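Undergrad: Pasting a structure below so you can have a look.
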Amino acid sequence: MDAWDAVAVRGRLERMAERDPNRERFGAATHRYALRPPLPEAEIRRFETTHGIALPEPYRSFVATVGDGPAGPAHGLLPLTVPRPEADDDWAVDEEWREDRRPGRLATPFALDAPAPGRIGTARAEELVPGTLTLAEEGCGVYVRLVLNGPRTGEIWLLDPDWSGFVPLTADFRAWYAQWLDAATA
C-alpha cells in the first residue's frame, strides 16, 4: 500500500480551513482542521504490545506519518495513546476512549461477521464493540470504529445503537479518511 503523503494531507487540511474560516462544516469546531504531530514508532509499538493487537496498516501509517488526530471525519479523530487534551469537558466520547483501553478489550475477537442493521440498543452494542477501536464520534452516541481482528480486520464500521445498528462504512481507514478529504476539497 502507498505511504501517506503527510505534506499533501496537511495541505488539503489548510485549504479546508481556508474555505471554512468560521468552522461551520460538521465537526470543524471540534477538530479545527488541525493535526497533532505523528506518533513515534516506539509509542505505537508499545500501544500494540500493551493491547495485544496489530493496528491495521492504513491507520497505523497515518498516525506514524501524518498525525495523531484530531482533523478528520465527524468530530475528528481521537488520539491513539493519550486522552484528548481538552478531555476535561466531560464529553461522552472520552468515556468510550477509556473503555477501549481496558485490558483485553481491543484484543477480544470482533463478534460480527456480517452487519447488524437496525436498532440494537446500548446493551447489545456494548457486547459487539470489543475488538474495535473508536476513531471518531458523530454525536448522539454514534461512533465510527476500526475493526482490529478477525475476517473484518481493517474495516471501518458505524455504530448507531438506536437507529442504524453496527454496519460497515468503508473497506479501510485510508478509504474513509480520503472520502472525507475528497468531499471537503471537491
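The values are calculated or read from the model by the stated rules, or taken from the named source; none is laboratory data. Computed from a prediction, not measured in an experiment: that's the story for all the values here. For neighbour counting, all protein chains shown are included, and Cβ atoms are generated from backbone atoms with ideal geometry for every residue, glycine included. Each accessible area value is taken on the protein alone, full model and side chains, heavy atoms only, with ligands, DNA and RNA left out. Shrake-Rupley method; radii C 1.70, N 1.55, O 1.52, S 1.80 Å.
Undergrad: Which pairs turn up if I take residues in segment 119-144 that are in contact (Cβ under 8 Å) with a residue 40 or more places away in the chain and look for partners that are open to solvent by less than 20 Å² (accessible area, probe 1.4 Å) and among the β-branched types (Val, Ile, Thr) with beta carbon separation below 6 Å, at least 6 apart in sequence or on another chain?
TA: 135/144; 136/144; 137/93; 143/134
Undergrad: For residue 43, state whether it is without any contact (Cβ under 8 Å) to a residue 24 or more places away in the chain and out of contact with any Phe, Trp or Tyr (no Cβ under 9 Å at 6 or more places or on another chain).
TA: In short, no.
Undergrad: Continuing with this model, one more query. Which of the helices (runs of 4 or more DSSP H) contained wholly in segment 1-53 include at least 3 residues that are open to solvent by 20 Å² or more (accessible area, probe 1.4 Å) and of a type outside the set (A, V, I, L, M)?
TA: In segment 1-53, the matching helices (runs of 4 or more DSSP H) lie at 6-19, 41-51.
Undergrad: Could you please let me know if residue 62 is touching a residue at least 12 places away in the same chain (Cβ under 8 Å), part of a helix (DSSP H, G or I) and open to solvent by 10 Å² or more (accessible area, probe 1.4 Å)?
TA: No: the conditions fail for residue 62.
Undergrad: Something else: From the list 133, 106, which one is assigned to a strand (DSSP E or B) and open to solvent by less than 20 Å² (accessible area, probe 1.4 Å)?
TA: 133
Undergrad: For segment 62-74, which positions are touching a Phe, Trp or Tyr at 6+ places or on another chain (Cβ under 8 Å) and more than 14 Å from residue 178 (Cα to Cα)?
TA: Result: 65, single match.
Undergrad: Further question on the same structure: Filter segment 117-130 down to residues that are open to solvent by 10 Å² or more (accessible area, probe 1.4 Å) and part of a loop (DSSP other than H, G, I, E, B), then give me how many there are.
TA: Summing the residues that are open to solvent by 10 Å² or more (accessible area, probe 1.4 Å) and part of a loop (DSSP other than H, G, I, E, B) in segment 117-130 gives 4.
Undergrad: Turning to a different aspect of this structure: Please identify the pairs in which a residue from segment 12-24 that is farther than 16 Å from residue 178 by Cα has its Cβ atom under 7 Å from the Cβ atom of a residue that is open to solvent by 100 Å² or more (accessible area, probe 1.4 Å), counting only partners at least 6 apart or on another chain.
TA: Note: pairs meeting the criteria are 23/32.
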